[in-house]
1. Please work out if residue 528 is touching a residue at least 24 places away in the same chain (Cβ under 8 Å), surrounded by fewer than 19 Cβ atoms within 10 Å (Cβ to Cβ) and in a loop (DSSP other than H, G, I, E, B).
2. Among the residues of segment 491-511, how many are assigned to a strand (DSSP E or B) and over 18 Å from residue 339 (Cα atoms)?
3. Within segment 383-404, is there a residue that is farther than 24 Å from residue 329 by Cα, in a helix (DSSP H, G or I) and at pLDDT 95 or above?
4. When you go through 233, 241, 220, 215 one by one, which is the residue that is without any contact (Cβ under 8 Å) to a residue 12 or more places away in the chain and farther than 22 Å from residue 328 by Cα?
5. Restricting attention to segment 461-479, report how many residues are without any contact (Cβ under 8 Å) to a residue 24 or more places away in the chain and surrounded by 15 or more Cβ atoms within 10 Å (Cβ to Cβ).
6. Does segment 64-71 include one or more residues that are modelled with pLDDT of 80 or more and surrounded by fewer than 19 Cβ atoms within 10 Å (Cβ to Cβ)?
7. Name the residue, out of 298, 337, that is assigned to a helix (DSSP H, G or I), assigned by TED's automatic domain parsing to the domain that holds residue 261 and surrounded by 24 or more Cβ atoms within 10 Å (Cβ to Cβ).
8. Tell me, which helices (runs of 4 or more DSSP H) lie completely within segment 727-838 with 3 or more residues that are modelled with pLDDT of 95 or more and surrounded by 12 or more Cβ atoms within 10 Å (Cβ to Cβ)?
């Protein structure tokens, strides 16, 4: 006997390609009469025969809801259930009529002829449905408050041609940036503090531009350079290094909420997300114009390309829209779609424009002049776009249920498949279909709970067989098996405006809204959307139009924040009414305008800022300054900042000399099957092990949501589920415990210690000086040398044994373990130890000697010091 669940599964097996029409397209002679007819005849019929399985208050089998019109139009996992005006095309009618090749619904009875006539008439006359009240769809809301805000709030006004003001101390500024800063200081009755010393300055700028400390040799070269452009030479060298893109690309990855899995209730990996990560890093190293960078991420697939390589790169760039958090366990497809659209709108509006447009999903924005209609004007662009993240929604899915190979971007659209492979695929499909049928039969019967010959329930064995066959078929059909693939977006087959959702509820449709942009920023020359396309290309052009003041302001403000510790507008992701006011509004417009004039070059903008005298100030304070401006809003000094999580880890690797500067191949997450990642399961443990073993820069560590590497999680790593323009900076006990106990810290301390002890050409006080240079970027004082000497001499054997027990090194791979240890030759420059062979330090699997343990303890103390963690 077939159960109701069985028949609905059969229903979903038939592909339905019917696309819902808009609300306004449904024919009706008298809408009020048709709604009354629905309430009197149709709704009771649906309630009595369908609601038990297909409503919001049930599991909604197959994702199909019949308790709202949009649920029927959108359908379940297989497509639309009704086509208003076309009864014969409506699969719902075919099912309830019990037609041949259609499932019999309801499964245990057939509707009467009268019932069938009611449904047929209802669909034929447009499938009328009561329409809920909604907010006005006006794109030009006449509300007095909105109009006032549009016209007066500073961030929505055109960029001003700000000229550098005159200052009293004309000798102090190095350029126009300094004139803006000094003019404000003079207005406040403040003087800037002294300039930073050269040792502090090179450490500061090297970390700021590359995320790494300067080597002792680089510091010495700068200190010995007496030329007037010595600092300019350092800046240009740093901007040209590949490490620049790794540092500043990571800043954008924070904004792009980069992660290698879906997160949310069912955490499913994105095995190919790393391609977007590498695209971002390369873009910053190439100094790709920022307007091009944004256009490629929003509409790369729609832009012209000079060759297949550029086309592929632009497709990869659209990963910006694909890699956000997704609730794949959402039972209703329409909710899944609209939640993803909301996430995309938030990423674009906050990340690029500094606006919280997502607040208008359910109602007109409470603070900014963004009516709900504006939100759905943007939403129409994204509902007309296929989200190719390789995942689908399915409540309670298992195995590969969430993997959607049709929603992946292959580098080559139609890879050649030979006859043999085609035959294997067809055979695999038959095997999977048979296994799925058997599993469903056992799931729906008591027989499934019976124990098989191997002592396991028959249902569990059937599921295991089904999973195995699905994996085998996937190996044959997965686009990733035939060449490079990426995650991103593409144009949808159906391009159309979308409706306002009443109170933000995906199924409750209001009037349709023409696709468009946010009316809060209006300017001449704004692009017009091609009705035959989604509108993403026009959106990309609107975002980067020279007359759009928000995009360059937001980027200039982000650059200032990363170099000074706080933005000119401190709320870097929110330039709206509830955001902060700029401390130097004219300076912000000057930077934004020059940014556009400089062809949207991020490197030139950064160079201009770090060469300012304001950037080169010391971090000194005075009580008078603190009383007048305790938060340093007016930039009378340079703010001390704690290193970010990646910088702390990378600096330890650099100091110990084992940092691998090469880019690794892909990501450890690439090898994960697209199945749910269990907390503390084997997949999560594998990723943590890969992170612990890696000697590459931290930007290349696996970043699956919920499985953040410990070395990053402890130090306020970016929130991967949302736009993060500025990370939190906390001081908590777990950070101190990390430096005290973590095997990674102890391992790098031991490696550095063994490197020092291998320097037989240096006396102990010279080794102490060298370890200070490598960890803190400066030479120690005579007092610090004396203190370290006493510490090393007094290091007790029992203390060293305790240190050794917690610092047991991890054996190296066999191929390296066999390499013979060789004693390094002393380098010509005692400060420059980068060429020293580290075979003994890295490959040693023996416990360190008491002397090595003592030196390792000293190195660990320096790693754990505030001076190591902070840049002044």
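1. Considered against the rule, which asks whether it is touching a residue at least 24 places away in the same chain (Cβ under 8 Å), surrounded by fewer than 19 Cβ atoms within 10 Å (Cβ to Cβ) and in a loop (DSSP other than H, G, I, E, B), residue 528 comes out as no.
2. Looking only at that region, the number is 2.
3. No, the conditions are met nowhere in segment 383-404.
4. Answer to the check: 233.
5. Residues flagged as without any contact (Cβ under 8 Å) to a residue 24 or more places away in the chain and surrounded by 15 or more Cβ atoms within 10 Å (Cβ to Cβ) within segment 461-479 amount to 1.
6. Yes.
7. 298
8. So the answer is 733-741, 743-757, 764-776, 782-793.
The values are calculated or read from the model by the stated rules, or taken from the named source; none is laboratory data. Values in this document were obtained by computation on a predicted structure and should not be read as measured data. Don't worry about glycine lacking a Cβ; one is built from the backbone with ideal geometry, like all the others, and counts go over all protein chains shown.
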